[in-house]
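Below is one structure, written out as C-alpha cells; the observations come after it.
The values are calculated or read from the model by the stated rules, or taken from the named source; none is laboratory data. Values in this document were obtained by computation on a predicted structure and should not be read as measured data. Glycine gets a Cβ as well: all are built from the backbone with ideal geometry, and neighbour counts include every protein chain shown.
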C-alpha cells in the first residue's frame, strides 16, 4: 500500500502575523488568512507492479470532518449535553471517496481538487 498525505496550505495575513487579532472571534477563525482558495493537486506514481488500484481518499475540510466547523454550524454555543456531543461527533467524521484506477505501463496519475486548509489522505492499494 502507498499512503500520501496532502494539505492545501493557506498563509496567514500579514496583519495576523504581526499579532493583530481584533477581527477574529470564536466563531470565525478564517479571518486570519489572506485568501482562501481551492487547489488542484496532481500525484504521479511510476514503476507500479500492478494493473489496477483501489484509491481511498479520506479528507477533512470545512464541509466534512472538521469538529470546529460542525460546532460553528450548530450555533457556536457550549456543548453541554451528551446528546449534543454525540451529534457533534457524528458530524466530525472525515469524508471518504473510493474509486478504482487503471495503472498504465506502471504509471498512475491522480488528480484531486482540495478546499482551503483541507487535508487529504490517499491510500493506494493494488487490486487483483
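Pairing residues of the range 87-107 that are touching a residue at least 60 places away in the same chain (Cβ under 8 Å) with residues that are loosely packed, with under 12 Cβ neighbours inside 10 Å and assigned to a strand (DSSP E or B), at Cβ distances under 8 Å and at least 6 apart in sequence or on separate chains, gives 107/44.
Looking at 125, 118, 104, 82, just one residue is over 23 Å from residue 62 (Cβ atoms) and surrounded by 12 or more Cβ atoms within 10 Å (Cβ to Cβ), and that residue is 125. Yes or no: residue 74 under 18 Å from the mean Cα position of the chain (by Cα) and at pLDDT below 95? For residue 74, the condition - under 18 Å from the mean Cα position of the chain (by Cα) and at pLDDT below 95 - is not met. Residue 64 meets each of the listed conditions (1) over 17 Å from residue 113 (Cβ atoms); (2) surrounded by 13 or more Cβ atoms within 10 Å (Cβ to Cβ); (3) at pLDDT below 95 apart from (1).
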